[in-house]
Amino acid sequence: MVAAITMFTDSFCLSSSSIFLNSHAVTTTKLLPAVSLYANPTARPREWFSMINATKTSHNLIYFRPFKCPQLASRFLIQCNSVDTALSLWWEAGMLFSVFREIGLNEKETNLLLGKNPTLRSTSLDRIRARVLALQSVGINGFALYRLVIKCPSVLIAEEIDPVISFVRDDLEGKVEAAQLERLFITTEARFLLGFAQKVKLLLHHEVPQEKIAHVLNNANLNKAICCKSVEELERTIAFLKPYHGIEIIVRRPAILNYNLDSQLIPKIRFLEELSGGDANATGTVLRKLPAILSYSLEHMESHVDFMKSYVGLDDQEIFKIILVFPNVVSASKERKLRPRIEFLKQCGLNSNDIFKFLTRAPLFVALSFEDNLAHKLGFLVKIGYEYRTKELAVALGAVTRTSCENMQKVIELFLSYGLSCEDIFYMSKKHPQILQYNPGSLEEKMEYLTDEMGRDVSELLTFPAFLGYKLDDRIKHRYEVKKKTAGTGMSLNKLLSESADRFSTTKQPKSLVND
């Protein structure tokens, strides 16, 4: 292609801010190949920008000013008969470098990127700019955008990305985290992005709450959970989980959608259901309590069950009842926690049936830290009179698994402040082990009411320590106010409080005072 070049020879002056042309000019016309102006229009565009100052005007006129003009210089007026393809490519290449510079890539990184991805050179500049703006509209900007373009340059041109961005921005109100979208675009081939919106809408159709769908998407591996699953496979997964409170489980632990239905979900859930004796509802309760139980391998769950059978002597249904009460027993290490603690219970004289009852009542025993928790509580129990390796010690230790060491210490100090001895506390806790785990503030209110309002001696707690377990306003105060009008103030604490509500409301009140 050639360009018609009209050359004006004039003298002009350069000031710091403007150029002044003289009015006389001699005109000469000459034809030159366009390529002679720039041998490689896409090479080193930054250098061309520094050497040539180009300004487009109307009628396809382009003015060039030489970079250095220490003396009189020539000024060229180039009038193109048609759009110069080479010049257009040169211009586009320069602007493309500018776009990448805005993203954060330097010239070396841009050249390397274009060399590995030549399709970027032939892609419309407007299209690339539009994609950059779209990515920024869902929060991918700054260093995250730079990192995404470096790792996955196709994100700037893949047609499958636009529908995902539009759906996230418009339908999901941009609530999917930018980091999650970045991971999605980096790890997923563009062809697997097709149908993303349809699959998310399927979750909504199956009653995943609209306000929870962003939480689900932000906490699942979108590549595994959505993109690499077909609509049919996703439908099958949801249908299989439904009898086990599936939607609630998905909302609580979205990572469940990452698992393969046939090789992971079905074998694990079937194993738990068989352990329960075929009780699907109870199996669903376990999954709802601890959805993360499905993150353990089938072999891991089987090994824990085998241990409980062989070392403790429990059957399937007993093991399942322990799991039902405390599913985290599956996560406890067999060698570091289960084996030494079961051995401790055996040393305290508990047989298989006793251990089963103990673990259903105090399952935290297998999960708490020995050094930071259980060892301190054992120390308190021994100080108030419990003997090591006895059933009483095991029962008391089970009762205090639900309280902190600090709370237990405050309870003991409160009893001592009311004149009770360690022997008294030991005696009360043997009859009613729960007293060591009660809230000390609540205990103090009840003891004050017992001594101040009821006029009773604190030593009566030795006979009926369960008094401290009843609610002060709803039970103790109410019954005392009703009874004292007919039975006086000396009625038995046991008889006053342990009688059922129905019996208490229908019992004929005696006319004389009763002092039991």
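The values are calculated or read from the model by the stated rules, or taken from the named source; none is laboratory data. Since we're looking at a predicted model, the values are computed, not measured. With ideal geometry, Cβ positions are generated from the backbone for all residues, glycine too; neighbour counts draw on all protein chains shown. Each accessible area value is taken on the protein alone, full model and side chains, heavy atoms only, with ligands, DNA and RNA left out. Shrake-Rupley method; radii C 1.70, N 1.55, O 1.52, S 1.80 Å.
Remarks
- Take every pair of alpha-carbon atoms less than 8 Å apart whose residues are at least six positions apart; their mean separation over the length of the range 352-475 yields a relative contact order of 22 percent.
- At full extension, K151 and S369 could sit 74.1 nm farther apart than now, given 0.36 nm per residue minus the alpha carbon distance.
- Of the peptides 161-174, 395-408, the ranking by mean beta-carbon count within 10 Å, highest at the top, reads 395-408, 161-174.
- One way to sum up the overall shape of the range 262-363 is the equivalent ellipsoid from its Cα gyration tensor, whose semi-axes run 24, 14, 12 Å, largest first.
- Between A280 and D315, full extension at 0.36 nm per residue minus the direct alpha carbon distance yields a gain of 10.7 nm.
- Each Cα pair of the range 195-261 feeds into the Kirkwood radius, which the Stokes-Einstein equation turns, at 37 °C and 0.692 mPa s, into a diffusion coefficient of 285 µm²/s.
- In this view, the solvent-accessible surface of H432, computed with a 1.4 Å probe and all protein chains in place, comes to about 30 Å².
- Spatial separation of Cα centroids for the range 348-370 and the range 171-207, in angstrom: 46 Å
- Chain lengthening between L472 and T360 when straightened (0.36 nm per residue, less Cα-Cα): 37.5 nm
- Sequentially through the range 124-137, phi angles give Karplus couplings (6.51, -1.76, 1.60; θ = phi - 60°) of 4, 4, 4, 5, 5, 4, 4, 5, 4, 5, 5, 4, 5, 5 Hz, Gly and Pro residues having no value and appearing as x.
- Label-zone membership for the range 140-182, site T119, 7 angstrom Cα→C-beta point, backbone N under 20 Å: 146-166, 182
- Each residue, E406 and K430, gets one label point 7 Å from its Cα in the Cβ direction; the gap between the two is 3.2 nm.
- Mean Cβ neighbour count within 10 Å, used as a protection proxy, ranking 332-341, 176-185 highest first: 176-185, 332-341
- Backbone N within the range 248-265 under 16 Å of label point (7 Å from T187 Cα along the Cβ vector): 254-260
- For the range 262-363: relative contact order, % (alpha-carbon pairs under 8 angstrom, 6 or more apart): 28 percent
- Each of N117, T187, Q136 was scored by the projection of its Cα onto the charge dipole of the range 88-191, and the greatest displacement toward the positive side belongs to N117; charges sit on the C-beta of Lys, Arg, Asp and Glu.
- The aspartates and glutamates within cross-link reach of K175, meaning a Cα-to-Cα straight distance under 16 Å and a gap of 8 or more places when in the same chain, are E211.
- Per-residue 3J(HN,Hα) values for the range 447-459, derived from phi via the Karplus relation 6.51 cos²θ - 1.76 cosθ + 1.60 with θ = phi - 60°, read 5, 5, 5, 4, 7, 8, 7, 8, x, 9, 8, 4, 5 Hz in sequence order (x marks Gly and Pro).
- In percent, rounded to a whole number, the relative contact order of the range 195-261 is 44, using alpha-carbon pairs under 8 Å and six or more apart.
- Here the range 241-312 and the range 397-420 have alpha carbon centers that stand 38 Å from each other.
- Whole-Hz Karplus values for the range 323-338 come out as 5, 4, 6, 9, x, 5, 4, 5, 8, 6, 5, 5, 7, 7, 10, 5 Hz, taken residue by residue from phi with 6.51 cos²θ - 1.76 cosθ + 1.60 and θ = phi - 60°; glycine and proline positions read x.
- Each of V330, L294, L272 was placed along the dipole of the range 262-363 (beta-carbon charges, centred on the mean Cα), and the one lying farthest toward the positive end is V330.
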